[in-house]
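Everything below concerns the one structure shown next.
Values in this text are rule-based calculations from the coordinates and carry no lab data. For clarity, every value in this text was computed on a predicted model and none was experimentally measured. All Cβ positions, glycine included, derive from the backbone under ideal geometry; neighbour counts span all protein chains shown.
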Amino acid sequence: MEQRASQYLAWSDSLLTGDPKIDADHREIFNLLSNLWSDDPLSRTESMKVLVAHLTDHFAGEESLPSFQALPALEAEQHRNEHKVLGQFVLQAKSGVCQDEDEFMGALMNFIQEKLIPHIRNRDKRLAGR
Ligand SMILES: [Fe+2]
Ligand SMILES: [Fe+2]
């Protein structure tokens, strides 16, 4: 894996929420993202399918937690909307997975830094009371 990519994909304990299930899911998301860094477009396509399925389950799981149900209505709506945006990005990326590799990887790294990590820090930590 190239240096530039590995720094974005490294799991950091600063992302822990304190909820074991959420944290296990998030670690798995990072593992699945690192599987995308393959030179082989077919293997990228396969990894992308697994990632989409895992994310769908993960978002549904969070949204059914008692701590999610207990959020103020506006906050719950914002959290749900961010799940939609994250899911849409990954679905879009899935259709571009066989296109220009640099472009694809650039978009993914941007996704991790600008969308996924802030979501975990600002939204998911609240589910575990942090
Ligand atoms: Fe999450
Ligand atoms: Fe979330």
**OP:** Determine ³J(HN,Hα), in whole Hz, for all residues of the range 58-65 in sequence, where each value follows from phi through the Karplus function 6.51 cos²θ - 1.76 cosθ + 1.60 and θ = phi - 60°; x replaces Gly and Pro.
**Re:** 5, 5, 4, x, 4, 5, 9, 5
Original post:
In whole Hz, what ³J(HN,Hα) sequence does the range 105-110 give by Karplus (6.51, -1.76, 1.60; θ = phi - 60°), x for Gly and Pro?
Top reply: 5, x, 5, 5, 5, 4
**OP:** Return a whole-number percent for the relative contact order of the chain, with Cα pairs under 8 Å and 6 or more residues apart as the contact set.
**Re:** 36 percent
Original post:
What pairs in K21/K84; K49/K125; K21/K49 have C-alpha atoms more than 23 Å from each other?
Top reply: K49/K125
**OP:** Run down the aspartates and glutamates and flag those whose C-alpha is under 19 Å from the C-alpha of K94, throwing out any fewer than 8 positions away in its chain.
**Re:** E28, D39, D40, E46, D57, E82, D102, E103, E114
Original post:
Can you give the charge dipole size of the chain about its Cα centre, rounded to the nearest 20 debye, using +1 on the beta carbon of Lys and Arg and -1 on the beta carbon of Asp and Glu?
Top reply: 420 debye
Subject >> Fully extended contour minus Cα-Cα distance, from A73 to Q113, at 0.36 nm per residue >> reply: 11.7 nm
**OP:** With unit charges on the beta carbon (Lys/Arg positive, Asp/Glu negative), name the residue among Q88, S47, A107 whose Cα is farthest towards the positive pole of the charge dipole of the range 19-127.
**Re:** Q88
Original post:
When the Karplus curve 6.51 cos²θ - 1.76 cosθ + 1.60 is applied with θ = phi - 60°, which whole-Hz ³J(HN,Hα) does each residue of the range 13-26 get, with x for Gly and Pro?
Top reply: 5, 5, 8, 5, 9, x, 9, x, 5, 4, 5, 5, 4, 5
**OP:** Assuming R0 = 41 Å, can you tell me the calculated FRET efficiency for the pair R126 and S43, based on Cβ-Cβ distance, to the nearest 0.05?
**Re:** 0.70
